[in-house]
Every structure is written in structure tokens, then in C-alpha cells.
Amino acid sequence: MDIKDFISHKKFENIDEEIQRIERERQNNGFNLFTISSYNSYLENFHSDVIALLLSPKERHLQKEKFFKLFLSFLIEKYGAIIDENNYQNYEVLREKGRIDIWIKDEISRKCIIIENKINDAVDMPNQIERYYDYALEKGYLVDSIVYLTLNGKKNAPKVGREEIDSRVIDVTAFSQDEKNLCYGWLSNCYKEAKMKKDDDSSTFIYQYMKLIKHLSLIVMDNKLKKDFYEVVSDEQNRKKAQILASLLNELQPYRMDLFMEKIGDDYAPFSKIYRYRPHHQLFEGYEERGIVYKLDVHFYEDKSCLDFWCPNIEEDECTQHISNKLSKMQLLEEFTLGGFGGGMYKWFTIEDYHNIREIDEAVYIFVHNFFVKLRETHNS
């Protein structure tokens, strides 16, 4: 497998789009009240406490049993759960009763729902689901459903081998790309309900919790990409190719600058000096007009390039005035933006405006070449 084949490996198909999507979602969901304190948000009890709080009519939110009814509708409509809402007119929500994460039971109908929370991927204890089911039976309750809640559906509830239990298990994901997940199927409806009732505290709380769930899911998705990469580079030849690629990527910006300078050659007048300030940063200097010194800096970055046109050793306001006047004479003022180094002006070439870095590099060369031509034409004019 050569380097081109390595990059084209099926494990890497659409990897750029997936990474960009994850990064966008991470930026959208990473900042919220719960991620400020990462300790609580990674604990199993934290998620059970939040879900139980929303389900309970006795908690401090203003929606009483409304969130619970939306939860029942979610299970019935999205998963085909056989649950009669009338059997939960007098329900209560218990935490860690009989070691059950969330136990919803009605003392009148003697019906109940068990929720086993695995959002943080806790290990399944031996016969865990079976023990919970039997505990409910011992207390005189018939189990309608056993909700096995995971972060993104990467695992399902273990089979018990008893039809009356296995048939009642519902595997629910907290967040995924379909509408059957807890965020879209239940929490978003709770959020809409609270907003409609102008219950700002509840709507804000739910919105922030949804962002946390999405954020945690994106961490897992990111780990999946790393796992795929690990599987590929576990092959020694592939690992060596990956190292070569990493080394070549580190040298890419200096190489792009080398190509740029080869094209420029000696054709950089009226500048008289060139200086490679950094491997990816070229200075053109030694140009003075009426006592004002001008410099042009060219930078190559990972997916963009930048030009800085400025005057050293003078106040920034004065620099801005001289640069603006010079660019106006060159009819290039609209190409540059205020705020460059030392009070100068700058111009970006970004991947958003071009198809690839080759097009960026070609555009930079053409622009700089014409820049030198116009600068010579206006020199001392």
C-alpha cells in the first residue's frame, strides 16, 4: 500500500466531513452550564437525577406530570411500547430503590416502568435487569417496560433469556442521528412545552441538558474516528506511512513557501532585500519612498495564506495613512483590510474562497507578482 492508497483507505472515507461536522457540533454544544463542571456530568447518578427530576410531578419544575406524559408518548410512538397512560394516574418516581436507577410505579394500578441508565457506559452487573424485574414482582408490581438508556446506542441491553423480560426491554439512545433518541424524541418536546408555558427556568435547564448530551455523544464519535485510525495504523507498514505523512504535513508550509519563492525569483523590486523570518514566513524589505519604509510579509498557513503590507518604526496611525495612500494609488485598497501588523493592512487567501491549497498558492503568487508590478509603476509618482 503506497501513501496515496493509505490515504484512500475505506476507513478514512468522508473523514474530513465527519471531523468538520463534529467540530461544528462541539462548538455549538460544548459551552453550557453542565460542561463547566465536568465532574458531575460524567457521573451516572447525575443523568439519572436529571431525568428523574423531569419525570417527577413533585419536583420544582412547573409542568407537574406533563413531562412524564411526553415520555410515555415517546416510548409508545417511537418504540411501540405497550403502556396504558391511565395506569399512571398516581405514579411516583423513585431513585435507587432496589438498586434500580429510576423506578416509576403506580400504587393503585400496580404497574411500573424501570429505567436503567448507561449513558456513561457503566458495566452491566451480573443478572442486573433480571434482578430489577424480579424485585418489582416481589413488591407486587407488573413491569410494563424496561428502558435501557445508552449514550449513542453502541451497546444494547444483555439478553436475559426469559421472554417476559426480554420482550419488555426497550433500547433507547440519548442522542443519535434519528428521531428515536431521547434528545429529539422526548427532551426537545419537553423544551417546547416549557417554552410555550413561558416556564423559562425549565426550558433553560432542559436546553442546557440537551446540549450536554450532544456534547458527550460527540466525544464518543470523535473516539470512534480515533479507533478506526488505530485499527489501520496497527499494521506496521501503515504506521510508518502515517509517520511519513505527519512529517510531510509539518514540512508542507515551508515547502509551499519554497515553491512561491522559486516563482518570484529576483522579481521583487522595488524591494531590495528578502528575509525568511520563519519557514512559512517571508519578508520583502529594503523599499523606502520619501523617508517612509515599506515592508511586505507573506505567510503560509495550514489552509490559508496572508499578506501584511506595513511601515515599521512609525506610529500605527501614521502607518495606516501611508499604507492606505499607497494602496489607493495602486488601485488595490479594496483588496486589503485595516488592522494589519503595526497599523498596516492585510489580505487573506482562505480555503473557503478556493478549492484547495494549490489554488490558494497560485492566487498568492499571481497577486504578489502584480502587486510588485503596480508598486513599481507608482514608485515616486
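The values are calculated or read from the model by the stated rules, or taken from the named source; none is laboratory data. Source: prediction; values computed, not measured. All Cβ positions, glycine included, derive from the backbone under ideal geometry; neighbour counts span all protein chains shown.
Points to keep in mind about this one:
- Residue count, the stretch 53-72 (criterion: in contact (Cβ under 8 Å) with a residue 60 or more places away in the chain and assigned to a helix (DSSP H, G or I)): 5
- Checking Glu65 against (1) more than 30 Å from Glu96 (Cβ to Cβ); (2) at pLDDT 90 or above, the condition it does not meet: (1)
- Test: Asp317 is surrounded by fewer than 13 Cβ atoms within 10 Å (Cβ to Cβ) and charged (D, E, K, R): yes
- Some residue of the stretch 32-51 being of a type outside the set (Lys, Arg), at pLDDT 55 or above and outside any helix (DSSP H, G or I): yes
- One residue from Gly153, Gly161 being among the small types (Gly, Ala, Ser) and either under 27 Å from Lys69 (Cβ atoms) or not in a loop (DSSP other than H, G, I, E, B) (or both): Gly153
- Given (1) exposed (fewer than 15 other Cβ atoms within 10 Å of the Cβ); (2) modelled with pLDDT of 95 or more; (3) in contact with a helix residue (DSSP H, G or I) (Cβ under 7 Å, 6 or more places away or on another chain), index of the condition Met1 fails: (2)
- Count of residues meeting criterion [of a type in the set (S, T, N, Q), over 33 Å from the mean Cα position of the chain (by Cα) and over 16 Å from Leu55 (Cβ atoms)] in the stretch 78-128: 4
- Scanning the stretch 334-381 for residues that are crowded, with 16+ Cβ neighbours inside 10 Å, in contact (Cβ under 8 Å) with a residue 24 or more places away in the chain and in a loop (DSSP other than H, G, I, E, B) turns up Phe336, Gly340, Gly344.
- Only one entry of Cys183, Cys190 meets the criterion of being in the same structural domain as Asp134 (by TED's automatic domain parsing), touching a residue at least 24 places away in the same chain (Cβ under 8 Å), farther than 16 Å from Phe68 by Cβ and surrounded by 16 or more Cβ atoms within 10 Å (Cβ to Cβ), and that entry is Cys183.
- For the stretch 179-200, the set of residues classified as under 14 Å from Lys214 (Cα atoms) and either at pLDDT below 90 or not in a helix (DSSP H, G or I) (or both) consists of Glu179, Asn181, listed by residue number.
- The residues listed here are Ile82, Ile108, Ile119; of these, the one that is aliphatic (A, V, I, L, M) and within 28 Å of Ser217 (Cα to Cα) is Ile119.
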